[in-house]
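Peer 1: For reference, the structure I am asking about is given below.
The values are calculated or read from the model by the stated rules, or taken from the named source; none is laboratory data. Fair warning: this is a prediction, and the values are worked out from it, not measured in the lab. FYI the Cβ positions are ideal-geometry reconstructions off the backbone, even for glycines, and counts take in every protein chain you see. Just the protein is used for accessible areas: all its heavy atoms, side chains included, with ligands, DNA and RNA removed. Shrake-Rupley method; radii C 1.70, N 1.55, O 1.52, S 1.80 Å.
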Amino acid sequence: MSCGGLLWYRLTSATRARVGILAVVTNDELTPELDPARLSVLQARVTGLLPELRRDLEALTRIPSVSLAAFDQAHVEASAQAVAALLRAEGLQVEIVREGGRPAVIGHLEGPKGAPTVMLYAHHDVQPPGAESEWDSSPFEPTERDGRVYARGIADDKAGIMAHIAALRAHGGALPVGVTVFVEGEEEIGSDSLGAILDRHGEKLRADAIVLADSANWAVGEPALTTTLRGMIRVVLTVRTLDHGIHSGMFGGAVPDAITALIRMIATLHDADGNVAVRALKSSVAADLDYPEARLRQESGLLDGVETIGTGSILSRLWTKPSITTIGIDAPSVATSSNTLVPQAAAKISMRIAPDEDPKEGYRLLAEHLRANAPWGVKVDIALDDEGAGFRADANGPVYDQARAAFADAWGVAPVDIGIGGSIPFVAAFVDRFPEAGILVTGVEDPDTRAHGANESLHLGEFERVCLAEAVLLERLGLLRA
């Protein structure tokens, strides 16, 4: 998932000393404040830049840069070249790197002597559009309706790229910090080559702060800092009962079929209330925010009469408790089925895990549960398809103070701390490579963005506020020097 956002790695005392950044602030200490006149200048600049920012965003969005192998990868290459051109136009030294995967773009611009360096991350690849018939307008032709622009990738994550560009442009070449921009090309397919990029180019990317574009806000007009992310495990469960299909009338009643066995196994993954029934998985309580069931129903599109599942607060169920979803089944379709005992069936199962759950441990517990609940001695294969660690931030300290102040400057209201039920596994890769960290995440998406789905859209008012917040954040971080 992606959206224009902010992620800050808290500086160690050694790094703070090197760049002259203040130590952790107590109630008795003061954090430098932004000159109101400077804020007014940045507000005016961002407002004036909006027409060209939108033109560049829409041009970038028209490139169908789907990184899935079944799609034309020439478009991903064209997207990388377009991003590189945007960064070069802002005076950055730019290179396109490939480490066995899709092209990524790295750009750098020095800041004032002694100023910290900030890395701005986003990704230029997008999800497949799906069936065009489900879209109200062409998925790769940005179309405005009622203050939103609809197109695949316009929010996830090309608005993130343009938020970074907006922050650079708002400072007019006189950045208060050094900036490194890193725009990945395969986030939507798991960032497989990110580790190799970090190994080979990590020193180029090393920074005192990292700004990440990949989360959401609490609501339109209400900014948020994302402080928890669930991890994820995806497995393919295959069940076999026969070495070939046989007549269901001749052998049914004595011989089990694979589909029925598969369904029985999947049914054991939840209890009667819909809670995940895999024992020993971690769970915790989410932030205490008002999120009534009516809002969940409206934002999710839950049909009238369909009940919610699970117990505990809704936000805990969405953010910090495990969840399991069967996202695909391989079996004969209704239209092509015959009276046959099916010998083999498979399901892809996605499990979201608590922010502090070890993915390997979560996989072990899931696999043990499935094998223990295989009926009738059926043959079971469980293949790990993907995994990713969760994240929990310690969102305290002077940098968080300045970040929250930047969001308040841009939105006019203070941000809230939220969790995200989805996973951003590459965050763990940055944590491993740059371990001296605390993290702040926020973004441009809102509850109606529909990233990954038909009619993905960007709220233009939120896009302006995100651009302003990032420009102000750079300014505020530049103040954190002795």
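Peer 1: Starting from 0.36 nm per residue, how many nanometres of slack lie between residue 307 and residue 360 once their C-alpha separation is accounted for? Intermediate results must be reported in sequence, preceding the final value.
Peer 2: Details: separation 53, 0.36 × 53 = 19.08 nm, distance 3.21 nm.
Result for the pair: 15.9 nm of gain on full extension.
Peer 1: When ligands, DNA and RNA are left out and all protein chains stay put, how many square angstrom of accessible area per residue does the chain have with a 1.4 Å probe?
Peer 2: Details: 20310 Å² over 482 residues.
So the chain comes to 42 Å² accessible per residue, rounded to a whole number.
Peer 1: Can I ask one more? For a test of understanding, tell me how many lysine pairs in the chain have Cα atoms under 25 Å apart, given they are 8 or more places apart or on different chains.
Peer 2: Within the chain, the lysine pair count is 10.
Peer 1: Per DSSP H run of at least 4 residues, take -39500 (n - 2.57); add these up for the chain, divide by its residues and hand me the 222 nm value, nearest 500 deg cm²/dmol. It would help to have the intermediate numbers written out before the result.
Peer 2: Values: 13 runs with 158 residues, N = 482.
So the helix-based figure for the chain works out to -10000 deg cm²/dmol.
Peer 1: What Kirkwood Rh does segment 200-332 have if only Cα atoms enter the pairwise 1/r average? Answer in Å. Write down the numbers at each step before the final one.
Peer 2: Numbers: mean 1/r = 0.0514 Å⁻¹.
That comes to 19.5 Å for segment 200-332.
Peer 1: Could you order the peptides 220-229, 108-117 from most to least packed, using the average number of other C-beta atoms within 10 Å per residue? It would help to have the intermediate numbers written out before the result.
Peer 2: On the way: 220-229: 22.6, 108-117: 16.8.
The packing order, highest mean first, is 220-229, 108-117.
Peer 1: I would also like to ask the following. Could you work out the equivalent-ellipsoid semi-axes for the chain, taking the square root of 5 times each eigenvalue of the Cα gyration tensor, largest first, in whole Å? Write down the numbers at each step before the final one.
Peer 2: Working: eigenvalues 366, 118, 92 Å².
Equivalent ellipsoid of the chain: 43, 24, 21 Å, largest first.
Peer 1: Across segment 145-151, in residue order, what do the Karplus-derived ³J(HN,Hα) couplings come to in whole Hz, using 6.51 cos²θ - 1.76 cosθ + 1.60 with θ = phi - 60° and x for Gly and Pro?
Peer 2: 9, 6, x, 10, 10, 9, 4
Peer 1: Also, I was wondering about something else. Once amide H atoms are placed 1.01 Å from N in the peptide plane, what residues at a sequence separation of 5 or more from residue 225, or on another chain, have their amide H within under 5 Å of its amide H?
Peer 2: Under 5 Å from the amide H of residue 225: 416, 417, 418.
Peer 1: Can you list residues from other chains, or at least 5 along the same chain, whose modelled amide H is less than 5 Å from the amide H of residue 144?
Peer 2: 150
Peer 1: Okay, moving on. Using Cα pairs closer than 8 Å and at least 6 residues apart in sequence, work out the relative contact order for segment 87-181, in percent. Walk me through the intermediate numbers first.
Peer 2: Details: 127 pairs, mean separation 37.2, N = 95.
Once normalised by length, the contact order is 39 percent.
Peer 1: A further question follows. By average Cβ neighbour count within 10 Å, what is the ranking of 86-98, 282-294, 456-468 from highest down? Could the numbers behind the result be given before it?
Peer 2: Values: 86-98: 16.8, 282-294: 13.5, 456-468: 24.8.
Packing proxy ranking, top to bottom: 456-468, 86-98, 282-294.
Peer 1: Let me ask something additional. What whole number of Å gives the distance from the Cα centroid of segment 31-64 to the Cα centroid of segment 131-168?
Peer 2: Their Cα centres are 17 Å away from one another.
Peer 1: Return the sequence-ordered ³J(HN,Hα) values of segment 47-59 in whole Hz as given by the Karplus equation 6.51 cos²θ - 1.76 cosθ + 1.60 applied to θ = phi - 60°, using x for Gly and Pro.
Peer 2: Running phi through 6.51 cos²θ - 1.76 cosθ + 1.60 with θ = phi - 60° gives 4, x, 7, 3, x, 6, 4, 5, 4, 5, 4, 5, 5 Hz.
Peer 1: If you don't mind, another one. In whole Å, how far is the Cα centre of segment 234-275 from that of segment 179-216?
Peer 2: If we compute the Cα centre of each part, the gap is 42 Å.
Peer 1: Highest first, please rank the peptides 59-68, 196-205, 254-263, 472-481 by the mean number of other Cβ atoms sitting within 10 Å of their residues. Please list the in-between numbers first.
Peer 2: On the way: 59-68: 21.5, 196-205: 15.3, 254-263: 18.8, 472-481: 23.5.
Ranking the peptides 59-68, 196-205, 254-263, 472-481 by packing returns 472-481, 59-68, 254-263, 196-205.
Peer 1: Could you give the alpha-carbon Rg of segment 88-201 over 2.2 N^0.38 Å, rounded to two decimals? List each step's numbers first, then the result.
Peer 2: Working: Rg = 16.4 Å, N = 114, 2.2 N^0.38 = 13.3 Å.
Normalised Rg, Cα atoms only: 1.24.
Peer 1: Using θ = phi - 60° and the Karplus form 6.51 cos²θ - 1.76 cosθ + 1.60, what ³J(HN,Hα) does each residue of segment 76-90 get, whole Hz, x for Gly and Pro?
Peer 2: 5, 4, 5, 5, 4, 5, 5, 5, 4, 5, 4, 6, 4, 5, 9
Peer 1: How much of the accessible area of the chain, probe 1.4 Å, is carbon plus sulfur, in whole percent?
Peer 2: Working: 10380 of 20310 Å².
The value for the chain is 51 percent carbon and sulfur by accessible area.
Peer 1: Once amide H atoms are built 1.01 Å from N in the peptide plane, which residues 5 or more positions from residue 274, or in another chain, come under 5 Å H to H?
Peer 2: 310
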